[in-house]
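To keep things clear, I will list the structure first and then write my remarks on it.
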Amino acid sequence: MLKAGLAIAASAVAVVAIGAVVAAPLAERRLNGRHEQESTYRTGRDAKAGHASVPEWLPDDATGVRYKMRTTGGDRLLVANLKAGRPPVGCVPADEHVRPELTAGWFPKGVMHKANLKCGMYSGYADGNKFVAWQRDGGRRNADPSGPSKPSIRADR
């Protein structure tokens, strides 16, 4: 009888342990995802009006703007189409970049191999008319010394 009781107890512990191993990553993903917001805007002007955290350097006439942000930090993703395929004013050539922390189905893979610009605290690159940029945790780890020292948030909104 004692062996049967121990076997049942061991089985119950095993089931709970397996459940915890499976449930913990799912719960973590769900909790992390609740602090992320994605938006799509017709123009850069609309994006800046819709989110105070969209960087000022994004041209008003940019189109097809996709933006994702983490509300608990400075992580950002941005993709937009630019007229004439030129990077935004204020973006400068740079060699050091941080890897994006956020992911999105619409955000390109392999961006670190293409990154060649700093726009404030964003890393990025232009690929034809498409402009891709990201910021990680406020950009503090690799901030451009000539850029702002905190995330691009406008005080007027």
- Query: Restricting to segment 125-137, what's the tally of residues that are closer than 17 Å to residue 75 by Cβ and either part of a loop (DSSP other than H, G, I, E, B) or basic (Lys, Arg) (or both)?
  - Reply: 1
- Message: If a residue counts only when it is free of Cβ contacts under 8 Å to residues at least 40 places away in the same chain and under 27 Å from residue 35 (Cα atoms), which strands (runs of 3 or more DSSP E) contained entirely in segment 49-124 have at least 2 such residues?
- Response: 63-70
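A quick yes/no check of all residues on (1) at pLDDT 95 or above; (2) of a type in the set (Val, Ile, Thr); (3) farther than 19 Å from residue 47 by Cα:
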residue	(1), (2), (3)
83	no, no, no
94	yes, no, yes
100	yes, no, yes
111	yes, yes, yes
117	yes, no, yes
127	no, no, yes
142	no, no, yes
145	no, no, yes
152	no, no, no
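Return the total of residues in segment 70-81 being modelled with pLDDT of 95 or more and either loosely packed, with under 14 Cβ neighbours inside 10 Å or in contact with a Phe, Trp or Tyr (Cβ under 9 Å, 6 or more places away or on another chain) (or both).
Total meeting the criteria: 7.
The values are calculated or read from the model by the stated rules, or taken from the named source; none is laboratory data. The shown structure was predicted, so the numbers you read here are calculated from the model rather than taken from an experiment. Note that each Cβ is placed from the backbone with ideal geometry, even for glycine, and that neighbours are counted across all protein chains shown.
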